[in-house]
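Accompanying notes for the structure given below.
Please treat every number below as a calculation from the coordinates, not as lab data. From a predicted model like this one, the values you see are computed outputs, not experimental measurements. So basically every Cβ, Gly included, is an ideal-geometry build from the backbone, and we count neighbours across all protein chains shown.
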Amino acid sequence: MVKVVKFGGSSLASAEQFVKVANIIHEQDSRRYVVPSAPGKRFSDDIKVTDMLYSCYDKAAKSKNFDEEFKAIKERYYGIIEGLGMTLSLEDEFETIKASFKARAGRDYAASRGEYLNGKVLAAYLGYEFVDPAEMIFFDENGAFNAKKTAETVKERLKDIERAVIPGFYGSCENDTIKTFSRGGSDITGSIIAAGVNADLYENWTDVSGFLIADPRVIKDPMPITTITYKELRELSYMGAGVLHEDAIFPVRKAGIPINIKNTNDPTAQGTMIVESTCVKPRFTITGIAGKKGFTVVNIEKDMMNAELGFGRRVLEVFEKNKVSFEHMPSGIDTMSVIVNQAEFEPCEQEVLAGLHRNVSPDSIDIETDLALIAIVGRGMKSQRGTAGRIFAALAHSHINVKMIDQGSSELNIIVGVADSDYEQAIKAIYEIFVIHQL
Ligand code: ASP
């Protein structure tokens with residue numbers, strides 16, 4: 001059995017956390033490939049090393065003195081090294097990094113050093129080989145991830161290496177410059193490595209015991225999700241359930257490798273298994289609820305709209321031209337509504353309205369703001385009578401007006417739109433009916 005284990009920033013923020021990580025790795029011989037993040041926060045108002053590197057580099061790029069910021073970064077690593085009783089020196093590395101900062105090696109290069117250095121420390125501590133992802137994770141000339149070349153190279157590079165530490169978050173471009181994924185991107189590295197070595201399992205170790213059915217900021221102590229499918233997770237992560245980077249599921253999903261979200265601070269907790277498909281019956285009809293506030297609805301009305309060929313295309317063309325993506329598009333006979341992200345829409349609102357008038361000559365356009373979207377997701381909903389009925393009954397009993405309804409054709413999710421001000425109450429009502437009442 002081969003496992004790829006990725007540890008997030010808080011799992012590697014201090015010497016104490018490193019000890020926990022090493023114990024977890026040594027506990028199972030199969031944990032052969034380790035992907036670390038940069039040291040994260042040790043306490044709530046601490047600063048992540050990645051953020052320290054960004055601000056340090058910003059100073060360097062403005063030709064300002066960055067000695068103090070650089071020293072603080074060094075101290076984070078030496079704090080870990082000394083705390084572990086190691087004798088490792090990173091002086092040469094720090095010299096190179098400092099010189100590269102002065103030579104303006106780029107913000108991505110700067111940020112990537114957080115993972116790079118943490119990888120060096122962890123490899124030395126575990127006695128594992130260090131493999132630089134710059135040699136095997138590639139981006140093309142436009143900065144897009146080159147999945148094919150990466151997959152081939154990772155496979156080749158790691159095939160004879162028994163155990164390795166591979167820093168997360170970055171790779172390299174055609175011209176050898178360093179490029180990072182977006183924030184939280186070490187999750188993607190872990191997934192790429194898992195696919196590359198044909199792992200049996202990708203364990204993603206973080207500071208929570210997996211996904212919860214609902215946002216703990218809205219629901220007190222929500223129940224955990226023990227098993228979720230990739231599809232369900234897509235529906236939930238899209239709405240903002242941020243334990244795992246959204247793009248991290250693609251490499252492993254393609255290869256049929258499950259992901260297990262685990263908690264470094266509570267390693268015996270089961271965590272959440274993310275799988276392609278499962279016969280494990282979900283405990284509740286719904287697997288999870290997630291939502292987001294801050295949407296705007298553009299309602300377009302025109303008599304005989306339904307008979308006008310190409311109407312929808314011409315409407316969407318206006319949004320596309322203004323680079324506003326749409327979330328949903330419910331329609332009636334003579335009305336069509338386009339739901340968009342308010343922050344994205346606001347700056348070009350008037351251009352969109354003018355464009356719509358030009359393109360489809362509507363009878364009227366009306367804009368409604370402050371809409372929240374809530375996704376109720378679950379493989380258990382398929383072919384079950386009454387799920388939608390129960391959702392709407394629960395909302396009605398809570399005096400919540402439903403402004404929009406959308407059921408995905410997979411029967412995996414129902415999305416409801418409510419006023420931003422009803423958002424929390426709506427989630428509570430849905431959680432209560434599907435989880436509390438089913439306990
Ligand atoms: N260190 C990077 C960040 O803070 C990447 C990661 O931790 O996954 O975003």
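A few points about this structure:
- The fraction of all Cα pairs in segment 231-296 landing in successive 10 Å bins from 0 to the largest distance is 17, 45, 33, 5, 0, given as whole percents.
- Pairs from K48/K71; K155/K179; K293/K428 whose Cα-Cα separation, in the structure shown, is over 18 Å: K155/K179
- A cut-off under 10 angstrom between Cβ atoms defines the neighbours of R234, and their net charge, with Lys, Arg +1 and Asp, Glu -1, is -1.
- Under the simplified labelling scheme, the A147-D303 pair shows an inter-label distance of 5.0 nm, with each label point 7 Å from Cα along Cα→Cβ.
- Counting beta carbons within 10 Å around each of K71, K98 and listing the fewest first gives the order K71, K98.
- Packing-based order for 271-278, 216-223, using average beta carbon neighbours within 10 Å, highest first: 271-278, 216-223
- Computed over segment 284-396, the percent of Cα pairs more than 22 Å apart is 44.
- Residues S63, S55, S191, arranged from fewest to most other Cβ atoms within 10 angstrom of their Cβ, appear as S63, S55, S191.
- With N as its number of residues, segment 359-403 has a Cα radius of gyration that, divided by 2.2 N^0.38 Å, comes to 1.71.
- Rg and Dmax over the alpha-carbon atoms of segment 336-419 stand at 16.3, 45 Å.
- Distance in nm between pseudo-label sites at R107 and H437 (7 Å out along the Cβ direction from Cα): 4.9 nm
- Gyration tensor (alpha-carbon) shape descriptor, segment 148-225, a/c threshold 1.5: prolate
- Near-label residues of segment 381-424 by backbone N, under 18 Å of a point 7 Å along Cα→Cβ of T369: 418-423
- Solution diffusion estimate, µm²/s, Stokes-Einstein, segment 119-276, Kirkwood Rh from C-alpha pairs, 37 °C, viscosity 0.692 mPa s: 199 µm²/s
- Where only DSSP H runs of four or more residues are counted, the chain gives -11500 deg cm²/dmol as its mean residue ellipticity at 222 nm, each run worth -39500 (n - 2.57).
- Net length gained if the chain between Q28 and D176 were fully extended (0.36 nm per residue, minus Cα distance): 49.7 nm
- Among 226-232, 306-312, 323-329, 421-427, the peptide with the highest mean count of other Cβ atoms within 10 Å heads the list, and the full ranking is 226-232, 421-427, 323-329, 306-312.
- Cβ-derived FRET efficiency at R0 25 Å, K254 paired with E162, nearest 0.05: 0.50
- Share of pairwise Cα separations in segment 64-109, more than 12 Å, in percent: 67 percent
- Treating r as the C-beta distance of N198 and F130 and R0 as 30 Å, the FRET efficiency rounds to 0.90.
- For the pair E75 and T268 in one chain, pulling the backbone fully straight at 0.36 nm per residue adds 66.3 nm over the alpha carbon distance.
- With a Förster radius of 25 Å applied to the beta-carbon distance between D58 and A99, the computed FRET efficiency rounds to 0.90.
- Highest-MSF residue in the chain out of A103, A214, A375 [GNM, Cα springs under 10 Å]: A103
- As computed over segment 376-439, the Cα convex hull volume per residue (Å³): 77 Å³
- Relative packing of 340-346, 122-128, which averages over residues the other C-beta atoms within 10 Å, highest first: 122-128, 340-346
- Longest to shortest principal axis, alpha-carbon extents of segment 35-160, angstrom: 42, 37, 31
- Residue-normalised convex hull volume from the C-alpha trace of segment 1-79: 92 Å³ per residue.
- Three-way shape label, segment 94-178, alpha-carbon gyration tensor, a/c 1.5: oblate
- Directionally averaged projected area (convex hull, Cα atoms, segment 149-190), nm²: 3.4 nm²
- Amide H to amide H, with H built 1.01 Å from N, V2 comes under 5 Å of D200, L201, counting only residues 5 or more places away or on other chains.
- Cα pair distances in the chain, grouped into 10 Å bins until the bin that holds the longest one, percent each: 4, 19, 24, 24, 18, 9, 2, 0
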